[in-house]
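Report on the following structure.
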Ligand code: 4HQ
């Protein structure tokens, strides 16, 4: 494979490619790297390659003619694939690296100063690549990154073919932790599983570590990752399937801030039950201390559930199940503490209790979470999550002690903010569990 680098600082390129894997590949002739400076295509005394920008402003711009001449000499005719390194390009990914290695010849164009004349891009660049969201003093380090990442995939460059195979197995995940001798480094010993001799167990442990690290450190990568059936067994169950919604009628505040018990509304029962089903939640709990209201809620829910063509009225109990029978999707309870006790019994571990509030200032700053922060955190712990939605004018501040997290409020950007609890609930579920944002239609 051939790499050609257009740069006014060729002395930055070759010395960086003499050692290690890439150095050996060059010595063996598996890859070749050549450089050419646009200065070779100037005719003035100072060999000028830059000029001031039209329209004014600071710094200098690379002149088009020497750059175009250097690119066409290196690219040949028909031209090889010509890449410009620029922070405005498409971020380089391993997926693109795997495609680039299939090309026989890459021309890497490095800008200096404030950049290059736009017409060079229009006339002589096939692809713009960025190596990351920071600003370098020139494209040379970017070109070296491309050469390094692509070269190690050229057949015969990496010693063991298995290194690359192993990478494709773990594509889209961060690496599992590695250990070597000594077994004890001070008081830090190597995880026992790695010295067990059980190769299947070691492979599972490594895979679980890679999955967990990716979920924790790179939620962006994890969201795009498609776990296999075997992966799913190593991961906590999907968050939605262990998330419970509670519609709280007490303790809530009225318009004056007084703690009250609100009354049940038909719409809230129906609409939040539909949201609960749509997003695949474990259950929807209607919480009121008034017995007749709980009976009314059960009655409405049972009528509604019987009417639902094809909709499952119940969900299977979680985990190994302390209860044999399936649990109702719509449930009632006399207090939040009762719901917490029920979930603790069902899952064998207390729920993570999440409050919602239009005024999260009354909750400790350390407890506040955006929906994506909550998602990242709760996805990693295997137990149930209980989200509290307040009716009336919202959950009473006295609940601070029962709540370990509070979600950032929904803000539409106007100065009037009075969403109905069922709208707020639906928006929240979509922020946590949507499957469509960022996906092609
Ligand atoms: N530069 N990824 C400015 C970069 C860069 C990056 C290259 C600095 C181009 C004109 N290149 N010059 N980030 O920062 O590729």
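The values are calculated or read from the model by the stated rules, or taken from the named source; none is laboratory data. Since we're looking at a predicted model, the values are computed, not measured. Ideal geometry is used to build each Cβ from the backbone, glycine not excepted, and the neighbour counts take in all protein chains shown.
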Exercise for review: Assess whether residue 112 counts as being touching a strand residue (DSSP E or B) at 6+ places or on another chain (Cβ under 9 Å), surrounded by 15 or more Cβ atoms within 10 Å (Cβ to Cβ) and at pLDDT below 95.
Suggested key: yes
Query raised in the report: Can you spot a residue in the range 65-81 that is within 14 Å of the ligand (Cβ to nearest atom) and not in a helix (DSSP H, G or I)?
Result: no
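Looking at residue 107, is it under 22 Å from residue 31 (Cβ atoms) and within 16 Å of the ligand (Cβ to nearest atom)?
Values: under 22 Å from residue 31 (Cβ atoms): yes; within 16 Å of the ligand (Cβ to nearest atom): yes.
Yes.
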Of those in the range 129-150 that are over 13 Å from residue 96 (Cα atoms) and crowded, with 22+ Cβ neighbours inside 10 Å, the residue farthest from the ligand (Cβ to nearest atom) is 144
Check: Does residue 360 satisfy the criteria of being in contact (Cβ under 8 Å) with a residue 40 or more places away in the chain, in contact with a strand residue (DSSP E or B) (Cβ under 7 Å, 6 or more places away or on another chain) and farther than 29 Å from residue 303 by Cβ?
Finding: yes
Checked against (1) in contact with a helix residue (DSSP H, G or I) (Cβ under 7 Å, 6 or more places away or on another chain); (2) surrounded by 15 or more Cβ atoms within 10 Å (Cβ to Cβ); (3) without any contact (Cβ under 8 Å) to a residue 60 or more places away in the chain, residue 23 satisfies every condition except (2)
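Let's see how each residue does on (1) touching a helix residue (DSSP H, G or I) at 6+ places or on another chain (Cβ under 6 Å); (2) within 20 Å of residue 16 (Cα to Cα); (3) in a strand (DSSP E or B):
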position	(1), (2), (3)
114	no, no, no
123	no, no, no
128	no, no, yes
132	no, yes, no
138	no, yes, no
145	no, yes, no
149	yes, yes, no
164	no, no, no
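Considering only the range 265-294, state which residues are under 14 Å from residue 331 (Cα atoms) and not in a helix (DSSP H, G or I).
281, 282, 283, 284, 285, 286, 287, 288, 289
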